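The values are calculated or read from the model by the stated rules, or taken from the named source; none is laboratory data. Given the structure is predicted, the values throughout are model-derived calculations rather than measurements. All Cβ positions, even for glycine, are placed from backbone atoms using ideal geometry, and neighbour counts span all protein chains on display. The accessibility values were calculated without ligands, DNA or RNA, using every heavy atom of the protein model including side chains. Shrake-Rupley method; radii C 1.70, N 1.55, O 1.52, S 1.80 Å.
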Amino acid sequence: MNLWTVQTLVPLPVLVPLFAAGLALALHRHERAQRIISVVALSVAAAAAAGLVVAAQDGPVVNDLGGWAAPVGVNLVADPLAALMLLVSSIMLLCVLLYSMAQGIADGNDRTAPAAKGAEALRRTLEAQDADADESGRRDVLPVAIFHPTFLILAAGVADAFLAGDLFNLYVGFEILLAASYVLLTLGGTSERIRAGSVYVVVALLSSIVFLLAVGLVYASTGTVNMAQLAERLPDVDPGVRLGIQALLLLAFGIKAAIFPLSAWLPDSYPTAPAPVTAVFAGLLTKVGVYAILRTQTVLFPQNEKLEAVLLVLALATMLVGILGAVAQDDVKRLLSFTLVSHIGYMIFGVALATQASTAAAIFYVVHHITVQTALFLVVGLIERRSGTTSLERLGGLATMAPGLAILFFVPAMNLAGIPPLSGFLGKVGLLEAGVVDGSVLAWALVIGSVVTSLLTLYAVIRAWNKAFWQPCPDKESLPTAAPLPWGMVGPTAALVTVGVSLTVLAGPLYDYAERAAETAMDGRTYVESVFPDGAPRGTGESNEVRDHVEEGAG
């Protein structure tokens, strides 16, 4: 691929889903057309991301939007880290979309016999829809019409956050995520979802306010928000001001990433949403916060031992508090929500050590966790559909009734716990090795905490598997009649589980790529020189079209 072709790929993961969202909204009365548009858009985004993964190996690929060069214009930067995150997130979003489409088709085909579904939650949803149906008798028109456009906007926001070359564009990406995620979280309009959504949006807005304050302080101190230019100007800023900027950014991103003690909102918000929405939130949204921390720490604040020590302490607390909360849960959704919080600690551990080895291990672990955590929440959605509940006190005997479902849960659960030789084990070993090489007291505390967290994770998921699948059902009469699971939902779930296993098979090449991504991310000069290839800002305040017009007039 030539340079122009590669640069053209960069904005596609943002622009294609946005354009498709508008088209899907315009065709809100045609559900089949919406499905086709959504699948095609996310497939194009995934293909573009795959192309960028290959192209970025030779160095970051920069696209100046509208022909306005940085720092005057907005630029999108696809380095190996951003390209890898784009590819993994695109695959995950596509699988979840297919899952949700199959769920919607199955629900729509069986509206007249909800009892046959074998799910109390589904019966309650359909009864609420019947009660709220308008006089024309049409049901679910608004949620169905909104879901596809909103899902595509969410995908665009995620891509924009990964590719953002300046802090304000990163802020815009987060705001797109906030708007779309709030709509998805409250789809269905139940009181429980509205309450959870209200908590979520208040916390997210608080984080956005802190982020905007940080952006304002950055611009006031340096006169720019472009990250490549900030990498050159921030070292000349007063150390106290620079520390304040870093602390504000970490606070904003820490809320979004659900780092302890800023994580209390997550276990109460995520489990209330529908299974596909919960899977996207758990697998991806917190990782955008982790990515933002990794990006700003490596590019803008490569050496700040004070806050790196604070991050190590917070990583340890996040691990232990999260996993202790998971052990205490009797609901599979809440259990997985707490493990999600806990394993964010592993990623922050790698970022905080601030070495190339630890950063590579953190990147590898992020990729692993996106696939595994998403797959687990999709499996839980299948469990709820099969048995009508996610309460471990009411579940039982599913290994006999649905052996395939038992396997789909067991494999990613063991991967999450870090059983060798799965990818979770490999990622954790990389982090532990980096901690041992560091040799500090805090690093050793994180090494011990990581092992303890891994063992408690194994205990939590084995306990959940035994109760839900192995032991006899405590009260069979209380469960609704079981119904077959739609293959359209099982297929995408199995695909994600397979992707998680394939990370083990492809661990060598993937880890090599993660090391390359870590090297590029930590080498600030590579990032800066990609945005400013001549060693100076390219932006002149004049677009290419204006310059060409002036030259033609002079001629």
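Summarising the amide proton neighbourhood of VAL61: residues at separation of 5 or more, or on other chains, whose placed amide H is nearer than 5 Å comprise ALA78, ASP79. When the alpha carbon gyration tensor of region 209-299 is reduced to an equivalent ellipsoid, its three semi-axes come out at 31, 13, 10 angstrom, largest first. Ordered by solvent-accessible area of protein heavy atoms (1.4 Å probe), largest first, the residues SER391, SER181 come out as SER391, SER181. Accessible surface of ILE419, taken over heavy atoms with a 1.4 Å probe and every protein chain present, rounds to 60 Å².
Per-residue 3J(HN,Hα) values for region 7-20, derived from phi via the Karplus relation 6.51 cos²θ - 1.76 cosθ + 1.60 with θ = phi - 60°, read 4, 5, 5, 4, x, 4, x, 9, 6, 5, x, 5, 4, 5 Hz in sequence order (x marks Gly and Pro). Tally Lys and Arg at +1 and Asp and Glu at -1 over the other residues with C-beta under 11 Å from the C-beta of SER207: what net charge comes out? Here the count lands on 0. Mean residue ellipticity at 222 nm, helices only, the chain: -24500 deg cm²/dmol; runs of at least 4 DSSP H residues each add -39,500 (n - 2.57), and the sum is divided by the number of residues.
Overall form of region 271-393: prolate. Here a/c, set by the Cα gyration tensor axes a ≥ b ≥ c, is 1.5 or more, and a/b is the larger of a/b and b/c. Counting only protein heavy atoms and a 1.4 Å probe, region 230-279 has 32 square angstrom of accessible area per residue. For ILE448, the solvent-accessible surface computed with a 1.4 Å probe is close to 110 Å², ligands and nucleic acids excluded. Heavy-atom surface analysis with a 1.4 Å probe gives the chain a carbon and sulfur content of 64 percent of its accessible area. Report note on the peptides 73-79, 376-382, 323-329: ranked by the mean count of other C-beta atoms within 10 Å, highest first, their order is 376-382, 73-79, 323-329. Calculated accessible area for region 314-427 comes out at 22 Å² per residue, all protein chains present (probe 1.4 Å; ligands, DNA, RNA ignored). Sort the chain into rounded, prolate or oblate with this rule: let a ≥ b ≥ c be the square roots of the eigenvalues of the Cα gyration tensor; rounded if a/c is under 1.5, and if a/c is not under 1.5, prolate when a/b is larger than b/c, oblate otherwise. In terms of gyration-tensor shape, oblate. Using a cut-off of 19 Å between Cα atoms, the listed pairs LYS287/LYS428; LYS256/LYS428; LYS256/LYS287 include LYS256/LYS428 as exceeding that distance. Using a probe of 1.4 Å, the accessible surface attributed to PHE168 totals some 100 Å² when neighbouring protein chains are kept in position.
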